[in-house]
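What follows is calculated from the coordinates using simple rules that are stated; it is not laboratory data. As the structure is a computational prediction, the values presented were derived from the model and not from experiment. Every residue, glycine among them, receives a Cβ derived from its backbone with ideal geometry; neighbour counts consider all protein chains shown.
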Amino acid sequence: MVSASGTIIFIIFQKEAVIMPTQKKLFTKDTILILLGSFCYMSNSMLVNPLIVGFTTSLGESAAVAGVIAAVMNITSLLFRPFAGQLTDRLSKFTLALTGGILLLIAGIGYAIATAGWMIAIVRVINGLGFALCSVCMATWLSGLLPRDRIGAGMGYYGMMNALGMAIAPAFGIFIYQHFNYRLAFIGAAVLSLAMIIMIQFIGDHGQPRKVVGAPKPQKMRIVQPKVVPIALIIMLLSIPYFATQAYLVEYVASRHLHVMVGSFFLIYAAILLAMRLGLKDYFDRLPFKYFLAAGVLANLIGMLGMTYLVNNWMMIVAAFGLAGGYGVMYSVCQATSLLVAPLNEQGLANSTFYIGMDAGMVLGPIIGGLLFGGVAHTLFYPILLLTLPLVGVVYLVFRQQLAQQ
């Protein structure tokens, strides 16, 4: 029989019911606002990140102290992720997104008025808390509004908005700093968080916690969602070369005296990633995880080989293409898979587990990059980072039975 709404068809046979959802629109007012809001929260932090070290040293701190202060945000976010996931599964997504947006707004204003390194360190903690809340909450909020058979496509668009924020905001922040000053750039970050706060006021579905009939009661405190752990490990390993590149690309190019347009690398990366995600949007929900993983590993290999033999701008485009097809595409695939393998009442915990892997890669990338940049010949920088790829294979082999089902 067909329901009155016409959106669900129930086929009843031998006392069993099969629910077959018909095609539903991905883009509604609520999902569009969440996507725009996700661009704003991501841009807020990514605008600030490339400026923090320079701003901190301009206030009299050493480069080493500035580096530690810059890392405080990511460390705070990493430590707070499990709690953010637990809160997301228990409270309204609107409430948590609003709280996270307010924290990011406070952080933007805090940077603008800071006059000492210790003040920046405190603001970095606030920034990390707001970033962790927004990233877990917004992703879970969106996934709850998507039909389950379109999670891959929907989260692909979410990842695309995040990627655009990661690429556009740093360039925008550096532009404001170069033409005006640090503090005006930080005000720009605060404006972005304010825009997100305003946008979510118009979202009709506030994302109340889901109560799944017959689902086991979640444990009072669980750090990670066990089914998502191998996916988090995979995205961590795939992200390490990208974040090492993000931290040391300029120094790498300068030390090897390479004549390439290094300032355009991440914009090219973003453009290629945008094209890839739009081109693959209909395949995210069709192809098994293992096919995307194999293609992602191959693409990361191409990207790192391109960086190793970076003799001209064409090779830079090849490198950007590889990293976009590897880490960039797998970001969306892994996040969507994390949501699909976890119970509906633990979607927040699943997202937080995924982001723990991301945060670990974000922290380890610059650390490993720094050790390599200071300890080995610069021509070996990317050949050594290639070791992350067989480690991805090890993770897949260990968890192959669990991952093969995806």
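For this structure, a couple of remarks:
- For the chain, the number of Lys pairs with C-alpha atoms closer than 29 Å, counting only pairs eight or more positions apart or on separate chains, is 27.
- Degrees, to the nearest 10: 388-398 long Cα axis against longest axis of the chain: 30
- The Kirkwood hydrodynamic radius of the chain, based on inverse pair distances between different Cα atoms, is 21.8 Å.
- Here ARG277, ARG124 are placed in order of increasing Cβ neighbour count within 10 Å, fewest first, which gives ARG277, ARG124.
- Extent along the principal axes, Cα only, for region 226-403: 52, 34, 25 Å, with the longest axis given first.
- Degrees, to the nearest 10: 229-255 long Cα axis against longest axis of the chain: 20
- Cβ-derived FRET efficiency at R0 30 Å, LEU258 paired with PHE202, nearest 0.05: 0.05
- Gained length - VAL68 relative to TRP314, 0.36 nm times residue gap less alpha-carbon distance: 85.0 nm
- Fewest-first ranking of VAL394, VAL48, VAL191, using other Cβ atoms within 10 Å as the exposure measure: VAL394, VAL191, VAL48
- A Förster radius of 45 Å combined with the Cβ-Cβ distance from LEU386 to PHE175 puts the calculated FRET efficiency at roughly 0.85.
- Between 0 and 90°, nearest 10: helix 265-280 axis offset from the chain longest Cα axis: 20
- Exposure proxy order (Cβ contacts within 10 Å, fewest to most) of GLU251, GLU61: GLU251, GLU61
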